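Okay, so here's the structure we're looking at.
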Amino acid sequence: MTATAKNEEQAPEGAPEGAPKGAPKGAEVIQVRDLVAHWGPRKILNEINLEIHEGEIMVIMGGSGSGKSTFLRHLMALERPTSGSINVLGRDIGSMGVREMFELRKKIGVAFQGGALFSSMTVGENIMLPLHENTGLDRMTMEIMARMKLEVVDLAGFENLMPSELSGGMIKRAAFARAIIMDPKILFCDEPSAGLDPVVSSALDDLILRMRDAMGMTIVVVTHELESAFKIADRITMLDKGDILFTGTVKELKKSKNQRIQNLLNRQTEEDTLDPDEYLRRLTGEELGKGAAP
Ligand SMILES: Nc1ncnc2c1ncn2[C@@H]1O[C@H](COP(=O)(O)OP(=O)(O)O)[C@@H](O)[C@H]1O
Ligand SMILES: [Mg+2]
């Protein structure tokens with residue numbers, strides 16, 4: 001396992017002293033420019049712009065149906081954008097061929113909500129699967145690598161169990177071990193703690209932080225859990241109806257005066273609290289909140 005250089009070492013020259021903790025420091029590993037996405041005739045993402053930096057944990061937040069999963073699927077090149085561009089690890093994924101896409105996917109780890117383990121295989125076999133598919137390594141080397149990753153996720157010694165013998169939280173951990181088996185540069189997680197109780201889900205947050213620190217990965221996490229976002233995020237991007245309402249640190253987010261952000265933070269329905277002026281502008285079709293400053 002090769003830990004990449006620490007963020008601090010890649011701070012841009014002349015970065016202001018005392019820059020807020022969690023502010024971007026590493027090189028940009030993902031650049032999204034004017035991304036527009038549709039499902040059928042419905043516009044889901046509306047000219048999204050975002051940079052994600054090496055070694056940072058970027059949390060994508062927003063209400064249900066706001067486009068979080070759609071956005072993540074585009075970052076992973078699982079969907080083709082209507083327009084705009086997405087650059088991942090220095091390559092424009094829109095112009096990639098099948099072969100290049102295959103190579104890129106090796107550098108990307110994925111831990112999705114539905115990404116359960118195969119029930120007919122042991123935990124160890126599940127975790128080695130990407131190695132079987134992508135490398136010509138011998139069995140013993142793969143087993144050693146699987147054991148190392150199980151250690152990272154606190155499941156050392158569990159390789160011979162079947163998934164049915166694990167608790168819900170342990171299954172998520174094993175899924176993380178599989179997601180990082182190839183030492184990915186970027187790890188994508190969609191609602192990693194969905195369906196878990198608060199204690200288990202908090203432990204999973206700790207694990208995400210530890211994986212980043214141990215492996216220097218860039219991690220993009222979609223969640224609607226505020227507590228989790230506040231704990232793990234270097235920066236948060238708040239999606240709302242396909243627009244980015246906000247991008248910045250947790251501290252900046254909490255200070256935001258934007259009413260819609262505050263509503264989302266307070267989990268109020270906007271109909272209850274919508275400012276009449278904003279409401280009127282909304283009715284007349286003027287876009288709200290775009291580029292809202294913290
Ligand atoms: N595969 C799909 N086909 C058609 N519509 C979809 C599909 N996936 C998501 N949508 C729609 O796109 C919108 C955004 O969905 P999604 O990105 O899953 O939101 P979130 O993850 O924030 O809950 C929703 O209205 C959803 O119904
Ligand atoms: Mg989703």
Residue that is nearest to ligand 2 (Cβ to nearest atom), among those in segment 56-74 that are of a type in the set (S, T, N, Q) and touching a strand residue (DSSP E or B) at 6+ places or on another chain (Cβ under 6 Å): SER69
Output for segment 216-264, where each listed residue is away from ligand 1 (no atom under 16 Å from the Cβ), assigned to a loop (DSSP other than H, G, I, E, B) and either free of Cβ contacts under 8 Å to residues at least 12 places away in the same chain or farther than 28 Å from LYS107 by Cβ (or both): SER256, LYS257, ASN258
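Can you tell me how many residues within segment 156-191 are assigned to a loop (DSSP other than H, G, I, E, B), among the acidic types (Asp, Glu) and either closer than 19 Å to ILE30 by Cβ or within 16 Å of ligand 2 (Cβ to nearest atom) (or both)?
To start, the set of residues in segment 156-191 that are assigned to a loop (DSSP other than H, G, I, E, B) comprises 156-162, 166-167, 180-185, 191.
Next, only the ones that are among the acidic types (Asp, Glu) stay: 159, 183, 191.
Narrowing the set further to residues that are either closer than 19 Å to ILE30 by Cβ or within 16 Å of ligand 2 (Cβ to nearest atom) (or both) leaves 183, 191.
Here the count works out to 2.
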Candidates ALA194, ALA177, filtered to the one that is among the aliphatic types (A, V, I, L, M) and either away from ligand 1 (no atom under 16 Å from the Cβ) or touching a Pro at 6+ places or on another chain (Cβ under 8 Å) (or both): ALA177
Single condition VAL36 does not satisfy, out of (1) modelled with pLDDT of 95 or more; (2) crowded, with 19+ Cβ neighbours inside 10 Å; (3) more than 16 Å from ligand 2 (Cβ to nearest atom): (2)
Residues being under 18 Å from GLU56 (Cβ atoms) and either surrounded by fewer than 17 Cβ atoms within 10 Å (Cβ to Cβ) or not aromatic (Phe, Trp, Tyr) (or both) - total across segment 174-229: 31
Count - residues of segment 55-93 that are within 16 Å of ligand 1 (Cβ to nearest atom), assigned to a helix (DSSP H, G or I) and of a type in the set (A, V, I, L, M): 2
Residue count for segment 192-222, restricted to those that are more than 16 Å from the chain's Cα centre (by Cα), closer than 23 Å to VAL88 by Cα and within 16 Å of ligand 2 (Cβ to nearest atom): 0
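The values are calculated or read from the model by the stated rules, or taken from the named source; none is laboratory data. Keep in mind that this is a model prediction, so the values were computed, not measured. Cβ sites come from the backbone with ideal geometry, for glycine too, and all protein chains shown count toward neighbours.
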